[in-house]
């Protein structure tokens, strides 16, 4: 049925009986047998998969080349697995190294600076102990200690440490002893440049440069003076420049931190001032609203009580005025306090009372028993809403004071003169002057009016009039650029 003999070879098939390996499935073998071409031999690889080889004569080399190709493929696969495994190990090792470095850095930051400053002296002493001959060891150890040990205190007293190291180096030069601890001079120069001014840096650099010149004159061979001197000069300049750079960077960072702290303090002060101003504004608004409306309500209540038996209609009208005044007071309070609440709708906060509402205010005062006449000269549509609110509160407070402190029969007159740059407010009444007119008032009404007027560059005058009565006068500057001269 097949085109040729089919042979089943491979480790899995040959040793199936010996090792108990599972033989290939019969259906898979039939599929392989059908797919195999005529005259081909089918072989099982190590994974139990079938592969065919062309049938050849005894001298043909095709099966051998196929086996070599399979072996090369397996070798490449094995090398790829090994490379992947090594890469994985390298990644793990690098992650562990990074963790160790971070842990060492955190641990090192906890150590005091003197511990790190002690590392170089210890290394220099160990180098001398392990490299010097026994007969040279005492002198070398003493000079190395004199050069290196002062570096432990270099952060506390940089100039003193530099002087001690320079003196030890000069003694070393006099004794004609060469030591690797001379690097302590560069470290001391760097510390002095990083912690002192320009003059100290120049003096320290000149001292080290002089020591380099003396060292080159004594310890260099003939004809080789220039090269070591230039190299030592370069190291001296590098140490000084590095120290100056560190000092400059430190000063810049300190200036930036100071500026940030100053700005933060200014912002806090501005925030506190803004809060204080807002608190004062709310206190003024509440004082004007509560004082005016309560005064009107008290006056209307007295009138209703007086007229309830003689004229019930007038008592009913007064009670209705009391109700309307109370509702108006609640509305004004919602307008003033609504700005503090983010969920308050704009319809309850606006519009603010202004010059156009003075007629309604005069009607309230007339109903409370104070006949009031309003006179507005000039157009007021160009005046800002905040300035109109100030005018309204000034007139309201002045009329409230007249209502509280004058007897029945007193009349009040309000005159507003508007121009492009100023608004003049005059409130007068015909009542008698208070007995203590010259004494400063104990309440907050006139003080609040002065504050409102001062916000627009105005100066408020409140006092008795020459012909009798009481008057309040101020002038508001809409540009807030001038000083009142009212």
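What follows draws every value from the coordinates through simple rules; no lab data is involved. Remember, it's a predicted structure, so these values are computed and weren't measured experimentally. With ideal geometry, Cβ positions are generated from the backbone for all residues, glycine too; neighbour counts draw on all protein chains shown.
Couple of notes before you dig in:
- Between the range 260-278 and the range 168-218, the alpha-carbon center distance in angstrom: 52
- Taking all pairs of distinct alpha-carbon atoms in the range 182-252, Kirkwood radius in angstrom: 12.5
- Per-residue extension of 0.36 nm, minus the Cα-Cα distance of residue 411 and residue 111, leaves a gain of 99.5 nm for this segment.
- The Cα atoms of the range 116-219 give a gyration tensor whose axes a ≥ b ≥ c have a/c of 1.5 or more with a/b no greater than b/c, which makes the shape oblate.
- Among 84-94, 363-373, the order from most to least packed when residues are scored by Cβ within 10 Å on average: 363-373, 84-94
- Burial order of peptide ranges 159-171, 121-133 (average beta-carbon count within 10 Å, highest first): 159-171, 121-133
- Cβ crowding within 10 Å ranks 323, 196, 118, 453 as 323, 118, 196, 453, fewest other Cβ atoms first.
- Protection proxy ranking of 268-277, 392-401, by the mean of other Cβ atoms within 10 Å over each peptide's residues and highest first, is 392-401, 268-277.
- Counting every other Cβ atom within 10 Å of each residue's Cβ, 233, 402 order from fewest to most as 233, 402.
- Inter-label distance for residue 419 and residue 246, nm, one decimal - labels placed 7 Å from Cα along Cα-to-Cβ: 7.0
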